[in-house]
Amino acid sequence: MGRAFEYRKARKMKRWGHMARTFTKIGKEIEIAVKAGGPDPSGNTRLRILIQNAKAENMPKENVERAIKRATEKDASDYKEMIYEGYGPHGVAFLVETATDNTNRTVANVRMYFNKCGGTLGNSGSVAFMFEHKCTFKFKAEGADPEELELEMIDLGVDEFYAEEDGITVYAPYESFGAVQKWLEDKGFEIVSGESVRIPADTKELDAEARESVEKLVEKLEEDDDVVNVYHNMKEEESEE
């Protein structure tokens, strides 16, 4: 298995720890997508994928519809997507993606979490170079030959391809997101989910005590309603896969 797949597999059970928080974060992303590209999924590719992601997370249809409606209202919150970078305990690199309607509040909170947990919030670009920005799709291609599909998708920029019982998962540079999505839709394949991910180029292995201090910072960040994703370069334990 490739590095992106194994890293993502190890983190899968930790991501979106609680259902209510999951729905809140997806709802924010839907509102951002609607404001950027309109409320019609047929003409808004990002919204179309987010609706699929919501479905994959068992988010009720009514919640999705409410998020879309909120974004079209006159007094809707104006969410901005901001990325914060820094170092946690033991020199572990952190990259934090947020969606916020109050950047002052968000940066103050993120800085506080870093400081309380023995880390330091850095400047833009301080750790981003340590992560590869990729897109990943999971889709179903009933009756298709996986080997032929893989060869075709390499031309789109796909660099990791995994055929499993419940579908096919692919990874590609983030710049290929639109091309891969369009290709899958043109082929008529069912897209289960599609998202942006950041994969560390190298990971740091820590002992149990050191891991605990890093995980405390991860937990603090993920509990914040403005935080969408938390990435770090601490090596995940095999037991978490």
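The values are calculated or read from the model by the stated rules, or taken from the named source; none is laboratory data. It should be emphasised that the depicted structure is a prediction, and the values quoted were computed from it without experimental measurement. Positions of Cβ are generated from backbone atoms using ideal geometry, with glycine treated the same way; all protein chains shown enter the neighbour counts. The protein model used for the area step is the full one, side chains on, heavy atoms only, and it has no ligands, DNA or RNA in it. Shrake-Rupley method; radii C 1.70, N 1.55, O 1.52, S 1.80 Å.
Among the residues of the range 205-218, not a single one is under 29 Å from Ile51 (Cβ atoms), touching an Asp or Glu at 6+ places or on another chain (Cβ under 6 Å), crowded, with 18+ Cβ neighbours inside 10 Å and hydrophobic (A, V, I, L, M, F, W, C). Annotation note: Cβ proximity below 6 Å between a residue of the range 151-169 that is of a type in the set (A, V, I, L, M) and a residue that is open to solvent by 30 Å² or more (accessible area, probe 1.4 Å) (sequence gap 6+ or interchain) occurs for Leu156/Ala179; Leu156/Trp183; Ala163/Pro146. The set of residues in the range 81-110 that are over 19 Å from Ala128 (Cα atoms) and open to solvent by 80 Å² or more (accessible area, probe 1.4 Å) comprises Asn104, Arg105. Residue count for the range 70-107 under the criterion of being free of Cβ contacts under 8 Å to residues at least 40 places away in the same chain and touching a Pro at 6+ places or on another chain (Cβ under 8 Å): the result is 1.
All conditions in (1) surrounded by fewer than 19 Cβ atoms within 10 Å (Cβ to Cβ); (2) on the phi < 0 side of the Ramachandran plot; (3) out of contact with any His (no Cβ under 9 Å at 6 or more places or on another chain) hold for Gly188, with the sole exception of (2). Looking across the range 111-137, the residues that are open to solvent by 50 Å² or more (accessible area, probe 1.4 Å), touching a residue at least 40 places away in the same chain (Cβ under 8 Å) and of a type in the set (D, E, K, R) come down to Lys116, Glu132.
Residues in the range 39-62 that are over 17 Å from the mean Cα position of the chain (by Cα) and surrounded by 15 or more Cβ atoms within 10 Å (Cβ to Cβ): 3 in all.
The strands (runs of 3 or more DSSP E) found wholly in the range 154-225 and carrying at least 2 residues that are of a type in the set (Asp, Glu) occupy 160-164, 190-200.
Residues satisfying the criterion are absent from the range 147-170 (criterion: of a type in the set (S, T, N, Q), open to solvent by less than 70 Å² (accessible area, probe 1.4 Å) and under 24 Å from Ala36 (Cα atoms)).
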